[in-house]
1. Take A314 and Q175, extend 7 Å from each Cα along the Cα→Cβ direction, and tell me the distance between the two endpoints in nm.
2. Return the FRET efficiency for the residue pair R359, L517: r is the Cβ-Cβ distance, R0 is 25 Å, and the value is rounded to the nearest 0.05.
3. When only C-alpha pairs under 8 Å and at least 6 residues apart count, what is the relative contact order of the stretch 152-287, in percent?
4. So which trypsin sites (Lys or Arg not before Pro) in the stretch 217-316 are both in a DSSP loop and have at most 15 other Cβ atoms within 10 Å of their Cβ?
5. Counting Lys +1, Arg +1, Asp -1, Glu -1, what net charge surrounds E134 among other residues with beta carbon under 13 Å of its beta carbon?
6. Ignoring ligands, DNA and RNA, what percent of the accessible area of the stretch 218-289 is carbon or sulfur (1.4 Å)?
7. How high is the relative contact order of the stretch 364-507? Use alpha-carbon pairs under 8 Å, at least six apart in sequence, and give a whole percent.
8. Pairs to check: K112/K241; K75/K170; K75/K108; K180/K241. Give those whose C-alpha atoms are more than 23 Å from each other in this structure.
Amino acid sequence: MGRDAEEASQPASSPEYEQDDDEEDCYLSDQEDDALEESVLQVLEDGNLEDCHWSSSSVITKEYLLAAQREDLRKVMELLGLKEHHARTLLIHYRWDVERIFELLDQKGRDKLFSEAGIPLGTANNAGSPSATEVTCNVCYDDVPLSAASHMDCGHNYCNECWTEYFIVKINEGQSRRVKCMAPKCNAICDEALVRKLVSAKRPDIAERFERFLLESYIEDNDTVKWCPSTPHCGNAIRVKGDIHCEVECTCGRQFCFNCSSEAHSPCSCVMWELWIKKCRDESETVNWITVNTKPCPKCHKPVEKNGGCNLVACICGQAFCWLCGGATGRDHTWSSISGHSCGRFTEDQSTRTEQARRDLYRYMHYHNRYKAHTDSLKQEAKLKRDIQWKISISENKESKIKDYSWVINGLNRLFRSRRVLSYSYPFAFYMFGDEIFKDEMTPEERELKQNLFEDQQQQLEFNVERLSGFLEKDFQNFSDEEVMDTMKHVINLSNVVDRLCKQMYQCIENDLLYPLRTPHNIAPYKSKGLDRASELHICLDSAEQSSPSTKCSQDEHKSQPGLCSEPGSSLTGKRPILQMHGSSSDNSGRPSHKRERRDAHGGGALFDLNVPAEVADKI
């Protein structure tokens, strides 16, 4: 049976694969100088183009969000010798991109890098005489004791009451992530520890909001970390390393485009998908239908549809008008003319607008109907999975030589992926070959040539997807062994064919359609194995330190930091946390992954409820 299955799964008899073998033979070369070039060509020919779009995604749960944030803070603090609030200021300004900070450090230098981010380069002496016991606040002009005044790293000194009121106003305005100094023309960022101390003494609720904003800045101000858009919110965030133009899957099961947080929509670009959703959601096409099939009443301006053969029509308001030109008339008319009215002169503008609206409507209906048809087919085929599992259970229990039906599940998964690609290819074609986005970037001849090239591939994919769907819907549980083997051969061959056609379509889109354009449009790469679920990120210390009695977390300093422990009194730079990746990695390049046994998080629950956004939590 095993040998028969292997022979049946070999697609060598298919012309598609005979041609592939011939093409691969064309790349063989004996020249050592061309070895690297030949290997690259071979990789592209084998369909491993997705390796060129490498990305790795991981899930940051709400328990480990603060620990992940502090890991980036620790890197900057260690390498640049900064305090924690200065490191946070630098990371927020450069959107938590640690690698970019180190690159700009070499390009701009330390002083310019810090000044642009709002970190003071030196400390000015504005605290007054060292022997003075009081200081005059330049805001309220009161003389206050030195203990009732505070100065920032930039040197500006004001009374605590003015600082507190200023901080509360800024936090309420949503500027808590980068609170600048009160002094005019001073761009230095205030010390978050001082903000926390002063505000918590007067308004603990505002201080809690300040803490939450600082925590969520790791997501809101980070290009590589985003909230999972699931509804209801699962509380997870996704961090991506590598190409951010990708599609990811959260551990909650939600698949989405990481770049725009919408549903996975490849091969549509994010701009195309946003326009398509808006077009399908609003009433623009209803307006087009009204323009094509109705005429406005010249009195009340309501749309009127003609329901008879006579060109004299009457609105419900009582006004009669000519259907040909829309002009108001009397009711006296014959079969051939309207009394006192003539509209035989040709007006090109009205005719052109009507014809253009009709063409736009028909074009939209063409693409929308096919997009909707494949979307509905995908929903129906999702129900097919239960039927197939039932058929497999029956087939495995009957007396037969065939016991392995994994080819059915593999074919079904390949059908889901190819059907989804086919569905979203119609919104892509609507905007790619229309006038909404690329009107002036292609000549009519180039547009027609590229459209024919794309539609040929789209037609081939559609034909084979329908064939694959037909074979999977067969009642193979009632077949003989010979019929099952024949069905298995077709399912395996068609699965490989639709996979290759999807890859070819993506190569055509990226290389032939989007690459020559002046307007950049990036799409998520095609994954033969589907979207891999993001791995779960955990941060903890090594086992040696965890087993020591002196490694208990400081309750005062780390009560809201589950998963990150340090010795009492030690700073964040004392011990390097270990990143652990659990679950499957979305790196398809074959890189080895080092897995560890999952450990429970240390410490209590999170300080904040991350299941709802900050602006919603503030209203609860």
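The values are calculated or read from the model by the stated rules, or taken from the named source; none is laboratory data. In this text the structure is predicted, and so the values were computed from the model without any measurement. For neighbour counting, all protein chains shown are included, and Cβ atoms are generated from backbone atoms with ideal geometry for every residue, glycine included. Calculation scope for accessible area: heavy atoms of the full protein, side chains included, ligands and nucleic acids excluded. Shrake-Rupley method; radii C 1.70, N 1.55, O 1.52, S 1.80 Å.
1. In this crude spin-label approximation the distance works out to 6.7 nm.
2. 0.55
3. 13 percent
4. Those satisfying the criteria are K299, K306.
5. -2
6. Carbon with sulfur: 51 percent of the solvent-accessible area.
7. With pairs under 8 Å counted, the relative contact order is 34 percent.
8. Listed pairs above 23 Å: K112/K241; K75/K170; K180/K241.
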